[in-house]
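I have placed the structure first, in the form of structure tokens, so that the comments after it can refer back to it.
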Amino acid sequence: MNSNPLCLLLQSHGSQNAAQYRRNLKDLIQKLCLLGLWRGSFFEHAAFYGGTALSMLYGLDRFSEDLDFSLLKEKPEFSLRPYLDYVGRELEAWGIQATMDISAKKDSCIESAFIKTNTLKTLINLQVPFSDIKSLHRDEICSVKFEIDPHPPCEFDSEISYILEPLPFGVRVMSISDLFAGKMHAVLARNWKTRVKGRDWYDLIWFVSRGISLNLRHLEARLIQSGHFDPEKSLKPNTFSEILKDRIRQIDFNQAKEDVLPFIPNASAIESWSGNFFMSLVERIQVQLG
């Protein structure tokens, strides 16, 4: 009988096939990374934000792949490297062998870390029944990326929230209105390259449907930092609405649907997506002026 509680956690999530085990493994590794960061006092300096924070701590019903953090105050010399030691030890203590690498984006101050483990070997080591995961390729890699911005565009509110698995621990997370500002910045300013990120638009609906207010001053600071708004001007509610409407006019929402579909439990949730639908949401967004 396996004494590693991760095996029980994988089973308790209702895993019955390889795809579910794959996703549950990534979810657990994300939590173990956060647990390791907590042990290293990382959250005395930084706050969790982004889609995974929304999913883990606020109940967003979609899967998110990356862990995103922002320093509480600007600290250009900050490095993730010392904290990776804590993450590595945490993974090893729970029976997961992983490699860890750090890289910096070109033309950006964002620092990224990549945690990688062999999916099939790890699940076998955790005594998942081979019959349930035999379709996994032997060389498939489970990868978790986390990024930190050492240059926050402005001060933001944060709080301590708790994750209960694989054991209770606390993480510092941005306030929900500041999280909305960060997500809206992604909606307005993200570089699409070859594919619209439908996950941003799915999250936008989540915020609006819950009546969460948008911190307009935080959004303004992010847009100025990324070069998408004139620093000599002030972002007013009506100006914000026009910028969002202009962005909606640029979106191919069929492409956005294709992007988000693998990450959500219910495909019918995106059937109504269209330019007209999102235009109807603009006036329903509540804003606060900081």
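Placing pseudo-labels 7 Å out from each Cα toward the beta carbon at Asn254 and Met279 gives an inter-label distance of 1.9 nm.
Given the options Leu54, Leu123, Leu67, state which has the largest fluctuation in a GNM of the chain using a 10 Å cut-off (strictly under) for Cα springs. Maximum fluctuation in the GNM of the chain, among the listed residues, is at Leu123. Restricting the calculation to Cα atoms, region 221-271 yields a radius of gyration followed by a Dmax of 15.4, 44 Å. Scaling the Cα radius of gyration of region 177-288 by the globular reference 2.2 N^0.38 Å produces a ratio of 1.03.
Rounded to the nearest whole Å³, what is the per residue volume of the convex hull around the Cα atoms of region 5-174?
114
Sorting 79-88, 272-281, 219-228 by average packing, meaning the other beta carbons within 10 Å per residue, from highest down gives 219-228, 79-88, 272-281.
With q set to 0.14, 0.26 Å⁻¹, the log10 of I(q)/I(0) for region 1-76, from the Debye formula over equal scatterers at the Cα positions, is -0.55, -1.28. Span-like helix check, the chain: qualifying full DSSP H segments, with Cα axial length of 15 Å or more and mean Kyte-Doolittle of 0.5 or more, are 176-189. Rounded to whole Å, give me the distance from the Cα center of region 173-210 to that of region 217-249. One Cα centre to the other: 14 Å.
Using every alpha carbon pair in region 35-97, what percent of pairs falls into each 10 Å bin from 0 up to the bin containing the largest distance? So the P(r) values, bin by bin, are 20, 43, 34, 3. Let me make sure I get this right: for region 178-239, a, b and c are the square roots of the gyration tensor eigenvalues over alpha carbons, sorted descending. Under 1.5 in a/c it's rounded, otherwise prolate if a/b > b/c, else oblate. Which is it? Because a/c hits 1.5 or more and a/b fails to exceed b/c, region 178-239 counts as oblate. Global dimensions of the chain from alpha-carbon coordinates: Rg and Dmax equal 19.8, 65 Å.
All of the numbers you see were taken from the coordinates with simple rules; none came from a lab. Keep in mind the model is a prediction, meaning the values are calculated, not measured. Cβ atoms come from the backbone with ideal geometry, glycine included; neighbour counts cover every protein chain shown.
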